[in-house]
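Structure first, then comments.
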Amino acid sequence: MENKNLPIQILTDVASGRGLLWEKISAFRESINKLPGSLSHKVGTPQSKALQSVLPLKHNFEGGLYTRELSLPKGRMIISMIHKQQHPSFLLKGKVSYIADNGDVKTISAPHTVFTQVGAQRVIYPHEDSIWACVYKTEATNVEDAELEIYVEDFEKLGHEVINEIMEQCQQ
């Protein structure tokens, strides 16, 4: 029998305790990547066919905006890259639980808007097949260049000013 509360408990465990959320998510990613069938993506590289078959992405570039629409299959834990810019995200279809910017675990159903802050990194669990879309400002005209402009894989690449600001907000 499937424990329906297990995904929420996993998200809560990742977000709880002392230390930076980025470090906890990184450790969680490392443990997930050791599991058979896990897939990952490196910022600024083409998405593998295996990953595209599980997490299909749709891309649109127009008017200085990049729209990235991700299909999230039910039951598949997804860890995002770290965002370098503030932007709106939209749950267009489905129901998901995710770790919010402040470390809280939230469960939302479509339609729902989430305003992503600089430094945010999401861990998302779809309770049902879902669609999540993000809109970014960029002059890039291809996915790889856009990713390099809007994401980092290591929070330390955000810069000390951004890291210090986020750490101060977490202590308030």
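The values are calculated or read from the model by the stated rules, or taken from the named source; none is laboratory data. Given the structure is predicted, the values throughout are model-derived calculations rather than measurements. No Cβ is skipped: glycine too gets one built from the backbone with ideal geometry, and neighbour counts run over all protein chains shown.
The residues of segment 83-109 that are under 11 Å from residue 72 (Cβ atoms) and of a type outside the set (Phe, Trp, Tyr), listed by number, are 91, 92, 93, 94, 95, 96. For segment 109-158, what are the residues that are farther than 16 Å from residue 67 by Cα and of a type in the set (A, V, I, L, M, F, W, C)? Across segment 109-158, the qualifying residues are 110, 118, 120, 123, 124, 152, 155, 158.
Here residue 40 does not fit the description of being of a type in the set (Gly, Ala, Ser), more than 16 Å from residue 150 (Cα to Cα) and either assigned to a strand (DSSP E or B) or touching a Pro at 6+ places or on another chain (Cβ under 9 Å) (or both).
Being in contact with a Pro (Cβ under 8 Å, 6 or more places away or on another chain) and not β-branched (Val, Ile, Thr) is the filter here; which residues of segment 131-163 pass it?
Selection gives 134, 144.
I'd like to know if segment 24-42 contains one or more residues that are in contact (Cβ under 8 Å) with a residue 24 or more places away in the chain and in contact with a Phe, Trp or Tyr (Cβ under 7 Å, 6 or more places away or on another chain). Within segment 24-42, none of the residues are in contact (Cβ under 8 Å) with a residue 24 or more places away in the chain and in contact with a Phe, Trp or Tyr (Cβ under 7 Å, 6 or more places away or on another chain). Taken as a whole, the condition of being exposed (fewer than 12 other Cβ atoms within 10 Å of the Cβ) and touching a residue at least 12 places away in the same chain (Cβ under 8 Å) applies to residue 45.
Scanning segment 21-76 for residues that are β-branched (Val, Ile, Thr) and either in contact with a strand residue (DSSP E or B) (Cβ under 8 Å, 6 or more places away or on another chain) or closer than 25 Å to residue 119 by Cβ (or both), which turns out modelled with the highest pLDDT? Checked segment 21-76; the qualifying residue modelled with the highest pLDDT is 67. Among (1) on the phi < 0 side of the Ramachandran plot; (2) surrounded by 16 or more Cβ atoms within 10 Å (Cβ to Cβ), there is one condition residue 119 misses while meeting the rest; what is its number? Of (1) on the phi < 0 side of the Ramachandran plot; (2) surrounded by 16 or more Cβ atoms within 10 Å (Cβ to Cβ), only one is false for residue 119: (1).
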